[in-house]
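Below is one structure, written out as structure tokens; comments come after it.
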Amino acid sequence: MATPNAHLRILLVIPAERRREITRQLQPLNAELVFADPCGQTEERIKEDEIFQVAILPATLNNTAWWKLWGMLGVLNKRPAILVYAREATFQLWSGVLESGGYDLIVEPFSDAEIRNAVRQAAESFEEQLSNGF
């Protein structure tokens with residue numbers, strides 16, 4: 001990351017049964033992981049004054065939940081780099097993520113190296129955006 005001493009915080013909107021595995025995969029990053037359930041409690045986890053460098057969201061949310069979550073992330077003081085995960089990547093989904101302002105689409109199942117690299121690159125993008133005044 002651009003600032004090596006920066007504290008990396010990641011918002012993960014993932015089902016409870018996946019939390020142990022994703023925690024193991026991201027452990028080498030020494031990040032603070034903030035979990036939210038895709039079916040609720042997300043509003044409780046996102047406060048306007050908080051900073052998340054990266055948010056990891058499922059592509060499987062229904063349209064209402066998706067846009068509500070996207071809207072909550074959009075009003076944060078500093079909008080995180082958003083990684084969307086899905087079982088398969090289509091051009092339509094990938095381009096939709098990018099056009100909506102997301103950082104990238106990652107395809108499940110992802111290896112330890114793939115998820116860590118995606119998070120590192122997204123965090124670097126976040127830091128770059130900050131340094132450019134966005």
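The values are calculated or read from the model by the stated rules, or taken from the named source; none is laboratory data. Keep in mind the model is a prediction, meaning the values are calculated, not measured. Quick reminder, even Gly has a Cβ in these numbers, built from the backbone with ideal geometry, and neighbours come from all protein chains shown. Note: areas computed on protein heavy atoms with side chains; ligands, DNA, RNA excluded. Shrake-Rupley method; radii C 1.70, N 1.55, O 1.52, S 1.80 Å.
Figures for the structure shown
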read-out: Condition met for Ala65 (in contact with a Pro (Cβ under 9 Å, 6 or more places away or on another chain) and modelled with pLDDT under 85); value: yes
read-out: Elements of type helices (runs of 4 or more DSSP H) contained in segment 30-134, each with 2 or more residues being more than 20 Å from Arg19 (Cβ to Cβ) and open to solvent by 20 Å² or more (accessible area, probe 1.4 Å); value: 63-74, 91-99, 112-131
